[in-house]
1. Quick one: Thr54 ticks every box in (1) of a type outside the set (Asp, Glu); (2) outside any strand (DSSP E or B); (3) open to solvent by less than 60 Å² (accessible area, probe 1.4 Å) except a single one, so which number is it?
2. Only one of Thr75, Thr52, Thr103 is hydroxyl-bearing (Ser, Thr, Tyr) and over 17 Å from Val5 (Cα atoms). Can you tell me which?
3. Identify all residues within segment 88-114 that are part of a loop (DSSP other than H, G, I, E, B) and either without any contact (Cβ under 8 Å) to a residue 60 or more places away in the chain or surrounded by fewer than 14 Cβ atoms within 10 Å (Cβ to Cβ) (or both); write none if there are none.
4. Give the residue that is least open to solvent (accessible area, probe 1.4 Å), with candidates limited to residues of segment 64-79 that are more than 15 Å from Asp35 (Cβ to Cβ) and assigned to a loop (DSSP other than H, G, I, E, B).
5. Read through the list (1) open to solvent by 60 Å² or more (accessible area, probe 1.4 Å); (2) out of contact with any helix residue (DSSP H, G or I) (no Cβ under 8 Å at 6 or more places or on another chain); (3) in contact (Cβ under 8 Å) with a residue 24 or more places away in the chain, then give the number of the only condition that Cys22 fails.
6. What number goes with the only condition from (1) loosely packed, with under 14 Cβ neighbours inside 10 Å; (2) more than 14 Å from Phe95 (Cα to Cα) that Ser7 does not pass?
7. Which one of these does Ser85 not meet: (1) open to solvent by 20 Å² or more (accessible area, probe 1.4 Å); (2) in contact with a Lys or Arg (Cβ under 6 Å, 6 or more places away or on another chain); (3) over 20 Å from Thr111 (Cα atoms)?
8. Scan segment 1-30 for residues that are under 17 Å from the mean Cα position of the chain (by Cα), farther than 17 Å from Gln106 by Cα and of a type in the set (Gly, Ala, Ser) and report the count.
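The values are calculated or read from the model by the stated rules, or taken from the named source; none is laboratory data. Because the structure is predicted, anything quoted here is derived from the model rather than measured. Note that we place each Cβ from the backbone using ideal geometry, even for glycine, and neighbour counts take in every protein chain shown. All accessible areas refer to the heavy atoms of the entire protein, side chains included, with ligands and DNA or RNA removed. Shrake-Rupley method; radii C 1.70, N 1.55, O 1.52, S 1.80 Å.
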Amino acid sequence: QVQLVESGGGLVQPGGSLRLSCAASGFTFSRSPMDWYRQALGKERELVASITTTGSNTNYAESVKGRFTISRDNTKNTVYLQMNSLKLDDTAVYFCYSPWLSTWGQGTQVTVSS
């Protein structure tokens, strides 16, 4: 059974940091590029960051460049999103996604508020 499970969300003040994790199971994780998306209330889901199978290449939305870092550990079947200098506009549900399998995780809520 293919599964993606996100964790690490929560409430953080502006300027703070969070690290999201997405644990994969049921497929050969190292064969799948991975993405992080987010969806704010009332808005469309948007691509935040992408990483290739080996982690050698990454891409970011302009809105998070220089603040977020995507990484992966293929030995742990996990992809991460390190989020620094968080802003109010980063508030959203964050999802990991396997474009290889067209599979979404259930999402984790990130709320940036003072």
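1. (3)
2. Numbers: Thr75 fails: over 17 Å from Val5 (Cα atoms); Thr103 fails: over 17 Å from Val5 (Cα atoms).
Within the list Thr75, Thr52, Thr103, the selection yields Thr52.
3. To start, the set of residues in segment 88-114 that are part of a loop (DSSP other than H, G, I, E, B) comprises 91, 99-102, 105-107, 113-114.
If the condition is that a residue be part of a loop (DSSP other than H, G, I, E, B) and either without any contact (Cβ under 8 Å) to a residue 60 or more places away in the chain or surrounded by fewer than 14 Cβ atoms within 10 Å (Cβ to Cβ) (or both), then Thr91, Pro99, Ser102, Gln106, Ser113, Ser114 are the ones that fit.
4. Residues of segment 64-79 more than 15 Å from Asp35 (Cβ to Cβ): 65-67, 73-77.
Filter once more, so that each one left must be assigned to a loop (DSSP other than H, G, I, E, B): 65-67, 74-77.
Details: Lys65: 108, Gly66: 88, Arg67: 28, Asn74: 56, Thr75: 127, Lys76: 133, Asn77: 55 Å².
Top of the filtered list is Arg67.
5. (1)
6. Looking at each condition in turn, Ser7 falls short on (2).
7. Condition (3) is where Ser85 drops out.
8. Residues that pass the stated criteria total 3.
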